[in-house]
1. Between region C:95-119 and region B:174-221, how far is it from one alpha carbon centroid to the other, in angstrom?
2. On C-alpha positions alone, give me the angle between the axis of helix B:179-196 and the longest principal axis of chain B, in degrees, nearest 10.
3. Using the alpha-carbon centroid of each, what span in Å lies between region B:41-73 and region B:89-157?
4. Run the accessible area of chain B with a 1.4 Å probe and give the carbon-and-sulfur part as a rounded percent.
5. List the residues whose amide H sits under 5 Å from the amide H of B:Leu227, counting only those 5 or more places along or on another chain, with H placed 1.01 Å from N in the peptide plane.
6. For B:Lys259, which aspartates and glutamates qualify as cross-link partners when the Cα separation must be under 12 Å and same-chain residues fewer than eight apart are set aside?
7. With N set to the number of residues, divide the alpha-carbon radius of gyration of chain C by 2.2 N^0.38 Å and report two decimals.
8. Let me know the charge dipole size of chain C about its Cα centre in debye, to the nearest 20, where only the beta-carbon of Lys, Arg (+1) and Asp, Glu (-1) is charged.
Amino acid sequence: MNLALAQLTWRQHRAVLITGLAWTLLVSGCLLAISDTSSLAGPVETVTIGGPTVLTLLVGLFLAAPLLPREYEQGTYVFAWSQDVTASRWLRLKVGYLLSAVLLMSVLISALHDLRASPVSHPFSMPMFEGFAPVQVAYVAFAFALGLALGALTRRTLLAMGLTLVGFLVVRAFVAAVCRRFYLPPLHAANLEVMPRDSTAVGIQFGAGPHGIAGVDYQPNDRVPSFQWIETGLFLTLAAGLLVLAWWLVRRREVR
Amino acid sequence: MGDQAEDLLAGSSISAEDLLAGSSTSTAVTVERLAKRYRGGVWALDDCTLSVPSGRVAALVGMNGAGKTTLLSIMAGLLRPTSGEVRLREGGERVSLVAQDRPLYRSFTPAEMLMAGRQLNEVWDQERAVRWLRRFDIPLDRPCGKLSGGQQAQVSFAVALGARPSLLLLDEPLANLDPLARREVTRELLAEVVDGDMTVLMSTHVIAELVGVADYLLLLARGRLLLDGDVDELLAAHRHYSGPRAQAPLLFGEVVQAKHVGSTSTYLVRADPEHPPVVEEPWTVRPATLEDLVVAHLESSRAVAA
Amino acid sequence: MLWLTWRQHRVAVIGTALGFLALSIYLLNCSGQVGEVVDSCAQHDCQAGPGFALTELLATLRSVLWVIAPGLAALIGVFWGAPLVAREFEQRTHQFAWTQDRSATRWLGAKTAWLGGAAVLLTGLTGLAAQPLLHRLDQVDAGGSGLHPAPTAWAQMLVALAVFGFALGVAAGALVRRTLPAMAITAVGFLGAYAATMRLRLSWLPPERHLFSPATAAPDLAVLPRGSEVVETGYLDAAGTPKRLTEVCFYSAAPEDCLPQHGIPHSYVDYQPPDRVLLVELVGAGVLLVLAAGLFALAWYLVRRSVQVG
């Protein structure tokens, strides 16, 4: 029975899965083909950040968001959920298969990226910070869970897709722009000159001082790995919460 | 009905004057050598020629896959025929189609569906459409997607009638309706035909639905016209003759179907209704029902094809 | 038709409009911030000029102007254009919509006109809202960073992108007749077209070349006329054939010495002079509009072909 559901899942979602796989292979191929990353910093950045991001949006928008609304809109949930498999079990199995598949793709696409990224840019922002494979995998899990939950909530395909897109981008931008620099309390220096070399300014207080700077908050660059793991944990927690929400919404409407 | 029979006879050979006059003897729509081939090589219509007299309720009868929906879609301008042509009455027919799957915008309320109909048409009779919805107690403010199948069908009828069609095409119109609603819908439709100078062409494969509704029959089989004519006249022309087992009945007329059970033979014969063949004992005559007639023609056509 | 168009697309239109509204407010707000810094740097001493003081904001603005705004324009294609015809086919409602007095092509014409007009209006207003900021950024740019955070014809490009995306969506929907695949095709097609436009943005006319001899690892862009846009930088060997900067020299402590040692006496910058920048960018926007016209025609033909003539 489980296997039968795996076949059904494949049959329903094969177009998106094949597209995702093709994209993964294409991006990986590009990254492997580029031997000299330094002279091609621009294109490499485009591929290394664009590649995983497109995969993430594909998963959230075209795989997760329509998953439930399509069943509701086409009335097929009546068929799908009146079989021996209950609705919540149907959801658990489907999510299990699909999430494993897309996480595998994400691991492949971002692991190669890790090997290839050029270490020239700002350590706390794109593409250095977010290129870290676990972070990318957590983004994919989050996008999937967000799409699924919004689909369960709205039960309308296009609306769920639109909200997933907006929600994903807003949360990502908000975390990157506002939250990230304060994962750990920043250190303080009197001005830019005395700030340690391997660190990144995250806030400047203007006032009386040389060049009008009264103080600098900064994060040492050796904190980047722990920050990356914190961000991974944050998005995985969000994803888990959204998956539970989706499961609860479907279960609530379950007849049996 | 007698007048209509004459109309029909006249209608079989229409003159140009008739067409220009747009009189009741004209045809609402004529289809000539129409063929439609779908991708994959299936011929849904194959050299189909027929015409629908105006001001009548015509039934398009055929088994599943006979080409009914294809024919209606082509008449409505939704499908392009592979070859052949559809000719509407001179001066233009206003064609409305109520498609089989009752296409409605799921998020629209019935009131909004009427609004959409008003915007898409140059002629629109809001009162007529609303009247139809009220008559069948359809809530005007619930999304169509949340209505029952029968209610959705009623909204489709209302939108189609609001466009004041002169040719109303109904694809399996009664399929989703309960017996009571079915009876009411047919009664109201007939009233609208009388009021509105409208021709109705309705497709069905349930012959029982037609009795008392359709007065003209078009029988379709494998994409071709098998039989057409005024229903009363067809019924008058067809009779069952039963008698001792025989290879052929000793009378004049076209034998549509022959059945031999035990020592008895039964023939369905089509003959001139004015001068029905007279038979002698031990042969007996009984009238044929519409269903007998349709089934017999379909079976004999299948035998010919095989 | 206005009511019907609005009724069917209002959620998408409102959602996208809110996005453009937020973007416009943000751009106006940023214009104020940039203005303050530029003005105060003009009066007092700023460490390394306004370009440095605004480093973080400029990085954010670059991604907003180059990624977020075109992304919003893509939404018009994906959520307005792609479902326009595809949803009608998918939900079979074309059987209703196209059998009324208004022919299918008139239905399509009216809908694309209203929605296309709305797309032009939204992106045009956003482009207007961006004007003060773009003027301010010109002043920052003149400060010497050499990197302009936005194309000169940003507003025109945004309008052209929105119209192109919308046309692409409509045509894709008419072609595949299924909403989700049409949306995916639109998104991918838009991405490809945008990437190509940005790459070719300055190449519609042959660029001017400035030679550096001896070669420099990082060209000093301040020598170019103010307001120029860099098309490409590179290195030349003695024979004048283009060479890539070797890894050896990239990691070398003194690339200026390393380059001649490896047989690279010259480096160059290809650029469009300021008086041509606007022209070449407008040509790019024009190409997008021509493509859009072709896609509209394709959609029109596909819809017309799917219904009987007359």
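1. If we compute the Cα centre of each part, the gap is 32 Å.
2. It is inclined by approximately 80 degrees.
3. Measuring centre to centre over Cα atoms gives 24 Å.
4. 51 percent
5. B:Leu219
6. In chain and number order, the partners are B:Glu299.
7. 1.23
8. Roughly 2060 debye, rounded to the nearest 20.
The values are calculated or read from the model by the stated rules, or taken from the named source; none is laboratory data. Nothing here was measured: the structure is a model prediction, and the numbers come from that model. Ideal geometry is used to build each Cβ from the backbone, glycine not excepted, and the neighbour counts take in all protein chains shown. Ligands, DNA and RNA are stripped out before the accessible areas are found, and what is left, the full protein with its side chains, is counted by its heavy atoms. Shrake-Rupley method; radii C 1.70, N 1.55, O 1.52, S 1.80 Å.
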